[in-house]
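Participant: Take a look at the following structure, please.
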Amino acid sequence: MALAVDWWSEPVRRRCGSWHRPAAETLPAGEAPFRNVMGEARWAALPEATRARFARHVGRGACVSYVGEVIECRLSRGGWLLAQLGRLIGAPLPLGEDVGVAASVSVTGDVEGCSQYWTRQYGRRHGFPQVIHSSKRFAGPTGLEEYLGLGVGIALTLDAADGTLLFLGDHYFLRLGGLRLRVPDWLAPGRLVVGHVELGEDRFAFTLDLVHPWFGELIHQIAVFADCDAGAVA
């Protein structure tokens, strides 16, 4: 049956048929932003697959995707409350403890390579999946910042421990126009540690831990992902 629209012309059909998904380029070691933030010694301590994954330049039109599953999640009462309050800035923390649910991550970037845009989707037992948006920008006093929403962000440092890439929260901040205000430590929600653990066979684990100095563990999550662009990581 013919489409009842006039925009699906033969030229449009040819353009659609010739489209191919742009691949993310692998940058030389000296040009990889994550390597420059970490320093050569820590970068060299990472597994080769991890280095290849984070040496990609996700430019215009390119998208790097990962698919997986949440296998572990814990929220204390304080962590659950913090996650619900986080809805005000886009819900950057897991809202529930569902496990065995689908997870996916998509990464796009700007042309200059100064920012990466991360979209994470976590399934839930009931209702729509939770979708989390954030932007990683290679800027600020630590060289790497993650923007969560409504001007709220966290400055990150990078480290390597036992072959694991660690994103360590250094401090939280609020950006209002051109003004950047550091959040006092006593007002911060806790120490954030995100891990990227290589599992082999183009798989890795994403770990998230938020620990408060007074209230202990607030949030703990582990999700396992497979690299949809395995050929770029080999």
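Participant: Report, by residue number, each residue of the range 136-154 that is assigned to a loop (DSSP other than H, G, I, E, B), open to solvent by less than 40 Å² (accessible area, probe 1.4 Å) and closer than 24 Å to ALA83 by Cβ.
Facilitator: Passing the criteria: LEU144, GLY151.
Participant: So which residues in the range 207-229 are open to solvent by 30 Å² or more (accessible area, probe 1.4 Å) and in contact (Cβ under 8 Å) with a residue 24 or more places away in the chain?
Facilitator: Of everything in the range 207-229, those that are open to solvent by 30 Å² or more (accessible area, probe 1.4 Å) and in contact (Cβ under 8 Å) with a residue 24 or more places away in the chain turn out to be PHE215, GLU217, ILE222, VAL224, ALA226, CYS228, ASP229.
Participant: GLY177 - would you say it is open to solvent by 50 Å² or more (accessible area, probe 1.4 Å), more than 24 Å from GLU48 (Cα to Cα) and small (Gly, Ala, Ser)?
Facilitator: The answer is yes for GLY177.
A quick yes/no check of all residues on (1) closer than 29 Å to PRO189 by Cα; (2) touching a Cys at 6+ places or on another chain (Cβ under 6 Å); (3) aromatic (Phe, Trp, Tyr):
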{"residue": "ASN36", "(1), (2), (3)": "yes, no, no"}
{"residue": "ALA44", "(1), (2), (3)": "no, no, no"}
{"residue": "ARG53", "(1), (2), (3)": "no, no, no"}
{"residue": "VAL58", "(1), (2), (3)": "no, no, no"}
{"residue": "GLU69", "(1), (2), (3)": "yes, no, no"}
{"residue": "SER76", "(1), (2), (3)": "yes, no, no"}
{"residue": "TRP80", "(1), (2), (3)": "yes, no, yes"}
{"residue": "ASP98", "(1), (2), (3)": "yes, no, no"}
{"residue": "VAL101", "(1), (2), (3)": "yes, no, no"}
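Participant: Going by the conditions given, is THR157 closer than 18 Å to LEU192 by Cβ, modelled with pLDDT of 95 or more and surrounded by fewer than 19 Cβ atoms within 10 Å (Cβ to Cβ)?
Facilitator: Answer is yes for this residue.
Participant: Taking the range 164-174 as the region of interest, how many residues are surrounded by fewer than 15 Cβ atoms within 10 Å (Cβ to Cβ) and touching a Ser or Thr at 6+ places or on another chain (Cβ under 8 Å)?
Facilitator: So the answer is 0.
The values are calculated or read from the model by the stated rules, or taken from the named source; none is laboratory data. Predicted, not measured: the structure shown is a model, and the values here were computed from it. For neighbour counting, all protein chains shown are included, and Cβ atoms are generated from backbone atoms with ideal geometry for every residue, glycine included. Quick note on the areas: whole protein, heavy atoms, side chains included, nothing else; ligands and nucleic acids left out. Shrake-Rupley method; radii C 1.70, N 1.55, O 1.52, S 1.80 Å.
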